[in-house]
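Peer 1: Here it is, the structure in full.
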Amino acid sequence: MNLNKNYSGAQRTSNSCATRIAPRNGDADKSGNAAKWTFIQNLAKAPLSWRRRHVVLAGAIVAVLVAAGTTIPTWALAMRDSGHAPRTMLDLPLPTLSPEDAALSAAIDAANSDPLANDGAWLVVKVKSGQTLADIFQQQGLNASDLARLLDDPDNTRCLRSIHPGDEFAFLRNDDGSLRAVRFDRDDRTRVVASFGADGIKQTELDRNIERRTHVAHGSIDSSLFGAGEAAGMSDAMVLQLANAFGYDIDFAQDLRTGDSFTVLYDDVYREGERLRDGDIIAATFVNKGKRYSAFRFTNSAGETSYYSGEGRPLKKTFLRTPLDFSRITSYFSVARMHPILGTMRAHKGVDYAAPQGTPIRSAGDGRIAFRGWQPGYGNVVIVQHNPHTTTLYGHMSRLGGYQVGQHVAQGATIGYVGMTGLATGPHLHYEFRVDGQHRNPLTVTTLPPEPLPGVELARFRSQTQPMLARLNKLEATQLASTK
């Protein structure tokens with residue numbers, strides 16, 4: 001009995017030791033199996049809670065793999081276009097274009113459909129001072145008959161007979177040198193492409209996008225109106241507009257004072273994003289010798305556009321303050337003056353304005369030419385009859401304007417040019433103002449102010465000008481505050 005027990009214990013001890021001894025003679029398979037068995041034995045001996053966590057984890061992994069295997073093929077099949085799936089086409093309504101957008105779209109379509117529009121062989125010619133379109137056709141060696149055909153269209157005639165320096169014409173020739181097409185701007189908004197063929201002229205009109213951009217400017221007189229305008233960022237042409245607007249109330253040659261100021265709301269014209277030209281003065285104020293004047297551009301119901309005061313009265317008076325741009329007054333109206341040539345005392349019945357030779361002389365008001373020619377002492381002279389009672393006289397002209405006796409002349413029209421004909425020591429204009437044959441001082445003669453706009457027009461004028469006036473007042477206040 002004891003021997004058996006001892007044998008069994010020896011045997012158990014021997015087996016237990018065998019599991020802890022590394023295999024010999026490279027018996028890897030037996031070692032691996034022993035290791036696996038040991039792991040299983042240990043797992044079997046582990047607590048129940050530990051085994052349950054592993055089982056749950058393994059189950060979760062299996063569930064994820066099963067779900068992926070089921071979903072991905074189904075999604076792939078859903079995304080695959082078999083070519084047999086039914087499709088439904090829906091007609092969705094497009095938004096309605098505004099008239100401006102529709103016109104622009106039509107112009108773009110016309111330009112894209114015109115085979116000449118993108119042709120790089122156009123020869124562009126800019127109009128020079130004094131040139132006519134006939135001169136340009138001749139210089140380019142083009143047939144005058146093509147120009148005649150182009151002028152057959154009355155719309156073309158109106159614009160092509162009054163071209164200006166800087167205007168552009170583009171020409172496209174055939175292989176034999178003959179005119180294939182000509183391109184020009186009929187007005188700011190309309191470009192014309194005229195194609196010449198055996199069966200006549202085909203014209204395509206393209207609408208070009210025009211916009212007006214508004215600006216404000218404020219200036220103070222230091223040395224001159226033009227200097228103040230330039231400092232305020234205004235062009236000379238815009239400064240001239242300002243002077244013309246207030247020219248009936250302010251004599252810019254003798255009334256201007258240092259410290260006078262102006263505030264202007266104006267615009268300029270852009271075409272397809274590029275500046276084209278100066279626009280118009282929309283509203284302005286001018287402080288001269290402490291008195292404030294205002295001017296507002298307004299178009300009445302008859303379609304006539306002019307400037308009005310803040311009270312709605314036209315700024316345009318019956319007569320201009322001065323009939324020309326001048327440098328200074330050399331002699332005033334006087335009942336007794338020493339004549340610079342005759343050396344005797346005699347009345348000077350007008351005003352002498354010194355100006356360069358050839359300066360244009362304007363008619364002071366509407367009227368008819370009563371006389372043009374030579375008169376002793378006056379030299380070349382023009383007399384304008386404005387009404388049954390009033391005439392104006394312009395003397396010492398170098399040459400007369402194109403108006404003949406009896407012809408109607410508008411206020412501001414050029415009737416002659418400054419000279420020194422007759423009894424004159426230098427180039428100047430002698431200007432007289434007569435009422436019923438009696439001489440009056442042109443610098444002090446006054447006429448009744450024009451009537452204001454009628455009731456309905458006045459209400460429309462005020463509704464349009466109030467926002468402009470508020471903007472001008474705000475800018476003036478800002479400038480005054482910054483000065484202080």
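Throughout, read-outs are computed from the coordinates displayed, never taken from laboratory work. Only a predicted model underlies this, so the values are computations on that prediction, with no experimental measurement involved. Positions of Cβ are backbone-derived with ideal geometry, glycine not excepted, and every protein chain shown enters the neighbour counts.
Peer 1: Considering only the other residues whose Cβ falls under 12 Å of the Cβ of Asp267, what net charge follows from Lys and Arg at +1 and Asp and Glu at -1?
Peer 2: In short, +1.
Peer 1: Each residue of the range 136-143 in order: what ³J(HN,Hα) in whole Hz does its phi give by Karplus 6.51 cos²θ - 1.76 cosθ + 1.60, θ = phi - 60°, with x for Gly and Pro?
Peer 2: Here the 3J(HN,Hα) series is 5, 4, 5, 4, 8, x, 9, 6 Hz.
Peer 1: Please arrange His164, His348 by how many other C-beta atoms lie within 10 Å of their C-beta, fewest to most.
Peer 2: Listed from fewest to most nearby Cβ atoms, that is His164, His348.
Peer 1: If one computes the Cα centroid of the range 452-472 and of the range 172-210, what distance in Å separates the two points?
Peer 2: 44
Peer 1: If each of Ala134 and Asp153 carries a label point 7 Å out from its Cα toward its Cβ, how far apart are those two points in nm?
Peer 2: Here the answer is 2.1 nm between the modelled labels.
Peer 1: Where does each of 286-295, 249-258, 353-362 land if you order them by average Cβ count within 10 Å, highest first?
Peer 2: Per-residue mean Cβ counts within 10 Å order the peptides as 353-362, 286-295, 249-258.
Peer 1: Treat the count of other C-beta atoms within 10 Å as a stand-in for reagent exposure and order His408, His439 from fewest to most.
Peer 2: Fewest to most other Cβ atoms nearby, the residues stand as His408, His439.
Peer 1: Continuing with this model, one more query. Ranked by Cβ crowding within 10 angstrom, fewest neighbours first, how are Thr390, Thr425 ordered?
Peer 2: Ordered by Cβ neighbours within 10 Å, fewest first: Thr425, Thr390.
Peer 1: Cβ under 11 Å from Gly401's Cβ, Gly401 left aside: what net charge do those residues give with Lys, Arg +1 and Asp, Glu -1?
Peer 2: Combined, the nearby Lys, Arg, Asp and Glu give +3.
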